[in-house]
Each structure stands twice: as C-alpha cells, then as structure tokens.
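Below is one structure, written out as structure tokens; the observations come after it.
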Amino acid sequence: MTIKVSKPTAIQIELAAKALSAGSLVAFPTETVYGLGADAKNPVAIARMFQVKNRPTNHPVIIHLSRQDQIEYWAERVSDFAKALMRDYWPGPMTLILSRSENANDLITGGQDSVGLRVPSHPVALALIEKFHDLGGKGLVAPSANRYGAVSPTDSEAVRVELGEYLADDDMILDGQAPAVGVESTIIDCTGDAPIVLRPGAITVQMIEKSTGLSVMRSQETQLRVSGSHKKHYSPKARVLVDGNSQTSEGLIADSRVKTPPGVIRLASPTSVEEYARVLYSALRQADALGLETVRVVPPIGDGLAIAIRDRIARSAAE
Ligand code: TXA
Ligand code: MG
C-alpha cells in the first residue's frame, strides 16, 4: 500500500495523535520544514524513525513541545537567558540546547548531556503536539522528514517522495499550510554562560542579543555534535555550484534581478531574502525532479536570514 497524505482536519490530527501514541510515525508541517515525528517516550518508535531516515543513531534529535512549561520534564538548570529566549521567540523557529533531565535518554540526545527542545508555531504542529499531550504524551522527537543528508522537505508531497517507500501502513503524513520560514530552526546552545549559535536560522544573532542582553559566541567554541554541521548536508542528487555562470541545460537559483541566460532552467527567482528561504529547498528538489546534472546557486548577501541561507547553500554544495 502506498501512503496517503492526510488533510489537517481536526479528525485527522486526532487520528495522527493516536497513531503517535500507538508507536507509529507521523510527518507533519512546521513553520521551518516538515518533521518526522515519533513519541519521545517510545524507544521502538524512535528506533524506527532513525531507520526510516537512514540516520546514524548517535545524532541527537529535537523534542517538539506545545507549551513552554513542558520543558521541565526534559531539561534541568535552565538559565535566565534561555528563559528570555523562550519568552521572546517561542512558539517559533528556534531550538534551545539545555542540560538534559534523566527523562531525555541517550536515544534522543545521542549520548550527550544536553537535549534540544523547540515549540514550533505552525498551527498543525501545535495542534498535533497538544492533542498528543492530552493523550498523555510528553513530546515528539522530530528530525526533518528527509533521508539522511538530503534536502529537507517543505511540502507534504516532498515528504511522500522522500520517505513514502520506507513508511508503514499505520504511519501518516499530515499536510498543512506551507512553512512560513522554509529553512530549519536556529539552534542555540544554552548550556554555558552565553548563547552559542550552532545552526543559523530565522532567529538571528541580533535577535538573540536583543533578547538576552548577552554577546553571542561562535560555534567553533563548542564541542556539541550537530548533524547539520557535517559538511555535506541538504544535498540534492544534482551537483550544486555556488556561482551564477550557468551553462545550457543547467539549473539556476538566484535573486530575481539575476537574468536567466538562454538555455538555462530557472528554478527560482525570489524577490526577497524571506522568499529565498521559502523557495530554496523546493527549487533544489525540482532540479532532481527534472533530472538536472548541475544547479548553479547565487547566494543572497547580507545578515540575518541570509546567513542561514548561505550556510545551507554551502552545505548542499559541499563535496
Ligand atoms: O526546524 C527544525 O529544527 C526542524 C523541524 C522539523 O523542527 N527539525 C530539524 O531536525 O531540523 P534535524 O534532526 O534535521 O536537525 C536537528 C539538529 C541536528 O543537527 C542535531 O544534531 C541537533 O539539532 N541537535 C539536536 N539535539 C542536540 C543536542 N543535544 N546538542 C547539539 N545538537 C543537537
Ligand atoms: Mg535535518
């Protein structure tokens, strides 16, 4: 049987929450990318989630919650600056790395002393987690719903193409409005004296400094493992080159002001940095759907979200 994509009606969301409680996997939309959810308390479900993704089991996963007070179950010794970040940017595209409680086991943390927590703002994600909570659940682990190293999905059809053949009959894919951000959450290590950005995203260094009143440290200063920090990641099958010198029958992703040379296949022409983030992953997927060998990408300039976009482009191009 091939897996169907379910509309995010109240009934389907309830079915999905029940499926999660019964140990099945549910892919769902968030404001960043689609996640592949599993009950954070169910080791068998988590093991299957790793299998479906083909992800190494020592890579930690983020626990998704629907309310800030749910962190107490998973984290300890939460600093004041972490609390300020939660207050200002949750629900939203931000993951905090905190000292773990004994409930956050090695399967979730990859054997580290810390745990990653996030309260997403997408209405379907929040409704699903809230329903799951009503059924007695404590949180959902949810990595991006792609095979290991591949491009994160930003629509339900991309999830089906990416993971459909590995999912079981009782698993579900929930549809929902398109992610408002389009690249993964900002990951902030809050286990030390000051915040450290481990993965750039829509919550920028400037926003973190404004919220906490602290200077943000650079990620080289941390020893934590972040799977997205491995050089090659977010990669389509096509070769990605970071320049605009497109040749005939190559793909091109660039700001709308960049012209498309004759014979070149234009995959995206965003008119703003925000739009660039929203279309980047679907454009990379489109390159594979069209069977292109090469995609040229002209990265956006500037600070803030542009830093996150350049980070993902550099990784998708890494050898
Ligand atoms: O936007 C997002 O964060 C999406 C959506 C679905 O919420 N999720 C996501 O998950 O990107 P994933 O598993 O693809 O990437 C999570 C990253 C990984 O690179 C992992 O290594 C890092 O978070 N991470 C999780 N827990 C960690 C921890 N305790 N210490 C350091 N890094 C951690
Ligand atoms: Mg991922």
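The values are calculated or read from the model by the stated rules, or taken from the named source; none is laboratory data. Just so it is clear, the model here is predicted, and its values are computed rather than measured. Glycine also receives a Cβ, built like all others from the backbone with ideal geometry; neighbour counts cover every protein chain displayed. Heads up: the accessible areas ignore ligands, DNA and RNA and are worked out on the full protein's heavy atoms, side chains in. Shrake-Rupley method; radii C 1.70, N 1.55, O 1.52, S 1.80 Å.
At-a-glance table
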{"quantity": "Of the criteria (1) more than 19 Å from Tyr166 (Cα to Cα); (2) within 16 Å of ligand 1 (Cβ to nearest atom); (3) touching a helix residue (DSSP H, G or I) at 6+ places or on another chain (Cβ under 8 Å), which one Glu14 fails", "calculated": "(2)"}
{"quantity": "Scope segment 83-111; condition within 11 Å of ligand 1 (Cβ to nearest atom), touching a strand residue (DSSP E or B) at 6+ places or on another chain (Cβ under 8 Å), over 21 Å from Val26 (Cβ atoms) and open to solvent by less than 30 Å² (accessible area, probe 1.4 Å); matching residues", "calculated": "Met94, Leu96, Ile97, Leu98, Ser99, Thr109"}
{"quantity": "Filtered residues of segment 251-273 (kept if surrounded by fewer than 19 Cβ atoms within 10 Å (Cβ to Cβ) and in a strand (DSSP E or B))", "calculated": "Ile265, Arg266"}
{"quantity": "Selection count where residues are in contact with a strand residue (DSSP E or B) (Cβ under 6 Å, 6 or more places away or on another chain) and either without any contact (Cβ under 8 Å) to a residue 60 or more places away in the chain or not in a loop (DSSP other than H, G, I, E, B) (or both), scope segment 1-32", "calculated": "9"}
{"quantity": "Close pairs (7 angstrom Cβ cut-off, 6 or more residues apart or separate chains): within 30 Å of Glu274 (Cα to Cα) and of a type in the set (D, E, K, R) in segment 84-112, assigned to a loop (DSSP other than H, G, I, E, B) and open to solvent by 20 Å² or more (accessible area, probe 1.4 Å) anywhere", "calculated": "none"}
{"quantity": "From the options Val61, Val52, residue that is more than 10 Å from ligand 1 (Cβ to nearest atom) and of a type in the set (A, V, I, L, M)", "calculated": "Val52"}
{"quantity": "Every residue from segment 211-237 that is at pLDDT 90 or above and more than 16 Å from ligand 2 (Cβ to nearest atom)", "calculated": "Ser211, Thr212, Gly213, Leu214, Ser215, Val216, Lys237"}
{"quantity": "Residue in segment 53-61 that is part of a loop (DSSP other than H, G, I, E, B) and surrounded by 24 or more Cβ atoms within 10 Å (Cβ to Cβ) present", "calculated": "yes"}
{"quantity": "Of the criteria (1) of a type in the set (S, T, N, Q); (2) under 16 Å from the mean Cα position of the chain (by Cα); (3) part of a helix (DSSP H, G or I), which one Gln70 fails", "calculated": "(2)"}
{"quantity": "When residues of segment 139-178 are limited to those that are more than 16 Å from ligand 2 (Cβ to nearest atom) and touching a His at 6+ places or on another chain (Cβ under 9 Å), the one nearest to Asp39 (Cα to Cα)", "calculated": "Gly139"}
